[in-house]
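*Asks:* Sharing a structure, written as structure tokens. Questions coming.
Throughout, read-outs are computed from the coordinates displayed, never taken from laboratory work. Just so it is clear, the structure is predicted and the values come from calculations on it, not from any experiment. Neighbour counts run over all protein chains shown; Cβ positions are idealised from the backbone, glycine included.
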Amino acid sequence: MSEGYQGLDPCVHCGFCLPACPTYLATGDENESPRGRIVLMRALERGDLLPTDKHLQHHLDNCLGCLGCEPVCPSGVAYGQGLSSARHTLRESNESSLTQQALLAIFAAPQLWRPLFTLARWLRATTLPRLFAGPGRVGFAWGMLAASSGLRRPRRRLSYQPHGPPSNQDDPTVALFRGCVMDTLFPHVHGATQRVLEVNGFRVVDVPGQQCCGALHAHAGATEEARRLARWNVAAFATGVDYIAVDSAGCGALLKDYGQLLQTAPAAALAASVRDVSELLAEAGPRTGAALPMRVAYDAPCHLHHAQGVVDAPLAILRAIPELDVRLPAGHEHCCGSAGLYSLDHPALARQILHDKMAAILPHEPDAIVTGNPGCLMQLGAGSIAAGRRIATVHPVELLDESYRRAGWYRLSH
Ligand code: SF4
Ligand code: SF4
């Protein structure tokens, strides 16, 4: 992993990255900035600071890993590579927090996360999460669960299938990456993803045997666990499809990095076929739906905007919806403080970062906040409840799906 430090070589300490860093903006502390952390990482690499140094651990641990510092860097510093190496080094010498250990163990084992998140989904179906959601730490956790329910639909359980010309054998095949949180708490987003892809000429196929992508483990420096999960997924997708569609930005960023993570040809082939669902739809058009006369605030997930460089495609989805008033609040490309396990592991700083985010969004008085990552959907939704507002948080494909439903692209299935 030591080669990752080389990505930091071009740093000239100019400081252009500081205004793009949410932890620096929240604290004003140079050690909480990309430039400050690069100095710490280089000291770790040289051995001037030991991996057991508490000051070093604290500041590297506080990094969101959002990569907001990379695109603004004129020297092309690969901050994320350096951070991965440093976190790997720290993890080899230190015990991680009990919260982190427990969460990583859960996400590594489908026999744990699937029943746990399924129970959470059942709990969400009661009124309890909405009742107990609020500003305190416990209330915020309830708010996160309440915010995962997506676009409000009719109470009756309805199932829609696209109708239109039958799919052609020449249409590109797409397998949906199901993931863990997305598959259990956000099946409504998976359903919307499948339908809007089919309306836009893709043949969606099911690929069994998938696992959690391993992103949370990779970000925490648990590289071997991330590799183990990645090998499972490479084996599952070995049958071959034209594309793997991902509707979670965090998963997509790591799946696109599987070649680097595993250093094998099959992993590189999988990575090359991965697309965020917005990329596929933007490339296909997408087809225009019916009007949705509402105002939405778009917030870009860091792992889509910065890590994958997918900036315009989600907006192309929203532009396909007539009468949708799309707002881009100031700092919409900055991290919301969710960042994988960050909001659970660093609740105080995560809430401080979220506070600034909500201050930029709320004056737009949106009917919904739109973002393409499960953690961001939950963090922003809980943030709006904590701020005394109950604004729905939705994935872009949910809005397109609703627009298609109103346009008559679907028939009801029984
Ligand atoms: S990371 Fe880039 S922008 Fe930040 S201080 Fe170094 S060279 Fe400047
Ligand atoms: S990854 Fe995000 S939080 Fe970490 S230094 Fe870069 S901008 Fe700041």
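*Asks:* Anyone know which of Val189, Val274, Val12 comes out most mobile in the 10 Å Cα GNM of the chain?
*Replies:* Sorting by GNM fluctuation, first place goes to Val12.
*Asks:* Could you give the length gained on full extension between Ala330 and Arg389, defined as 0.36 nm per residue of separation minus the Cα-Cα distance, in nm?
*Replies:* Length gained between Ala330 and Arg389: 19.3 nm.
*Asks:* Starting from the Cα of Glu365, step 7 Å along the direction of its Cβ; do the same at Ser97; then give the gap between the two resulting points in nm.
*Replies:* Taking the simple label geometry, Glu365 and Ser97 are separated by 3.8 nm.
*Asks:* Please turn the phi angles of the stretch 277-291 into ³J(HN,Hα) values with the Karplus equation 6.51 cos²θ - 1.76 cosθ + 1.60 (θ = phi - 60°), one per residue in order, whole Hz, x for glycine and proline.
*Replies:* Result, ordered by residue: 4, 5, 5, 5, 5, 4, 5, 7, x, x, 4, 7, x, 8, 5 Hz.
*Asks:* About its Cα centre, what dipole magnitude does the stretch 72-215 give when the only charges are +1 on Lys and Arg Cβ and -1 on Asp and Glu Cβ, stated in debye to the nearest 20?
*Replies:* Working: 15 positive and 7 negative charges, 167 e Å.
Dipole size: approximately 800 debye.
*Asks:* Mind running the shape call on the stretch 160-282? Use the C-alpha gyration tensor, a ≥ b ≥ c as the square roots of the eigenvalues: rounded below 1.5 for a/c, prolate if a/b tops b/c, oblate otherwise.
*Replies:* prolate
*Asks:* Calculate how steeply helix 137-146 sits against the longest principal axis of the alpha-carbon atoms of the chain, using the helix alpha-carbon long axis, and give the answer as 0 to 90 degrees to the nearest 10.
*Replies:* Once rounded, the angle reads 30 degrees.
*Asks:* Still on this structure, I have one more. Could you tell me which of rounded, prolate or oblate describes the stretch 2-93, using a ≥ b ≥ c as the square roots of the eigenvalues of the alpha-carbon gyration tensor, with rounded for a/c under 1.5 and, failing that, prolate when a/b is larger than b/c and oblate otherwise? Present the calculation step by step, with values, prior to reporting the outcome.
*Replies:* Values: a/c = 1.79, a/b = 1.28, b/c = 1.40.
Oblate, because a/c is 1.5 or more while a/b does not exceed b/c.
*Asks:* Within 10 Å of each candidate Cβ there may be at most 12 other Cβ atoms; applying that plus a DSSP loop requirement, which trypsin sites (Lys or Arg not before Pro) in the stretch 157-255 survive? Numbers along the way, then the final one.
*Replies:* Values: sites: Arg157, Arg178, Arg195, Arg203, Arg227, Arg228, Arg231; in loops: Arg157, Arg178.
In loop regions of the stretch 157-255 (DSSP not H, G, I, E or B), the sparsely surrounded trypsin sites (Lys or Arg not before Pro) are Arg157.
*Asks:* Nearest 500 deg cm²/dmol is fine: what mean residue ellipticity at 222 nm does the chain get from its DSSP H runs of n ≥ 4 alone, each adding -39,500 (n - 2.57), divided by its residue count? Mind showing how you got there, number by number?
*Replies:* Working: 22 runs with 204 residues, N = 414.
The helix-only estimate for the chain comes to -14000 deg cm²/dmol at 222 nm.
*Asks:* Follow-up. So how do Met144, Met358 line up by other beta-carbon neighbours within 10 Å, fewest first?
*Replies:* On the way: Met144 25, Met358 19.
Fewest-to-most Cβ neighbours within 10 Å comes out as Met358, Met144.
*Asks:* If the chain between Phe132 and Ala284 were fully stretched, how many nm would it gain, using 0.36 nm times the residue separation less the Cα-Cα distance? Show your work: numbers first, answer last.
*Replies:* Working: separation 152, 0.36 × 152 = 54.72 nm, distance 4.24 nm.
My answer for the length gained is 50.5 nm.
*Asks:* May I pose another question? What are the chymotrypsin sites (Phe, Trp or Tyr not before Pro) within the stretch 196-244 that DSSP puts in a loop, where the Cβ has at most 16 other Cβ atoms within 10 Å?
*Replies:* Working: sites: Phe202, Trp232, Phe237, Tyr243; in loops: Phe202.
Those that pass, being in a loop and sparsely packed, number zero.
*Asks:* Taking the Cα centre of the stretch 160-282 as the origin, how large is its charge dipole in debye, to the nearest 20, when only Lys and Arg (+1) and Asp and Glu (-1) carry charge on their Cβ atoms?
*Replies:* On the way: 8 positive and 12 negative charges, 45 e Å.
Its charge dipole is roughly 220 debye.
*Asks:* Take the alpha carbon gyration tensor of the stretch 65-192, find the square roots of its eigenvalues, order them as a ≥ b ≥ c, and report rounded if a/c is under 1.5; if not, report prolate when a/b exceeds b/c, else oblate. List each step's numbers first, then the result.
*Replies:* Working: a/c = 1.98, a/b = 1.25, b/c = 1.58.
Note, shape of the stretch 65-192 comes out oblate.
*Asks:* On to the next question. Show me, for the stretch 249-263, the HN-Hα J-couplings you get by feeding each phi into the Karplus relation (A = 6.51, B = -1.76, C = 1.60, θ = phi - 60°), rounded to Hz, glycine and proline as x.
*Replies:* With the stated coefficients, the stretch 249-263 comes to 4, x, 5, x, 4, 6, 4, 5, 9, 4, x, 5, 5, 9, 6 Hz.
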